[in-house]
Amino acid sequence: MTPVRHYNRARRKTGEPSHLEKSEPRRQPEETDIEAQITALEALSTSELRIQWQQLYRATPPTRLSRDLLVRGIAYLVQECAMGGLSATTIRRLRSLAASSERSRGIGDASVISLRPGTKLAREWHQKVHTVSVLDDGFEYQGERYSSLSRIARRITGVSWSGPRFFGISKPLRETAENPHG
């Protein structure tokens, strides 16, 4: 193995700037500058906030986004531009956590149990058995058609219920290792 020539010149001493670093230090924005920008957002109208959003995000803001969320979204981007965003490591970690969370909860899988037309659902409520027939385009209960089980459950109970849960056909959430007690 041949020793590297000019080894001592190639290495820099600890604490010295590398040859790639610029001689002028990068100016960190003052907190008061950022605070002033964020405080100024409160004085803008909703239409001016939408324009600001479009300039910063290079996209039209969602139509139903409230004024408060417009301010928060713009304030976040102002801070991100001034202080720097998330590190690549943090972004990778967040994506990994999101992907594992989706896998463990079965997101993306069909979470609705499909019922074949002709299926009968029965539920006892206050000592009375209520029977629902599954149709091609909805449900039938006591000779009337309904588009959802939740409407039938509300008619039976008088209060808002999840129809699939009321009739006992919803899939339970899987227990995860982090939360074994659901």
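Points to keep in mind about this one:
- Once the stretch 47-60 is narrowed to residues that are of a type outside the set (A, V, I, L, M) and loosely packed, with under 12 Cβ neighbours inside 10 Å, the residue that is farthest from the chain's Cα centre (by Cα) is Ser47.
- Pairs, first without any contact (Cβ under 8 Å) to a residue 24 or more places away in the chain and closer than 20 Å to Met83 by Cβ in the stretch 35-53, second among the β-branched types (Val, Ile, Thr) and assigned to a helix (DSSP H, G or I), C-beta under 7 Å, six or more apart: Gln52/Ile74; Trp53/Ile74
We did not get these values from a lab; they are worked out from the coordinates using the rules stated. Fair warning: this is a prediction, and the values are worked out from it, not measured in the lab. For neighbour counting, all protein chains shown are included, and Cβ atoms are generated from backbone atoms with ideal geometry for every residue, glycine included.
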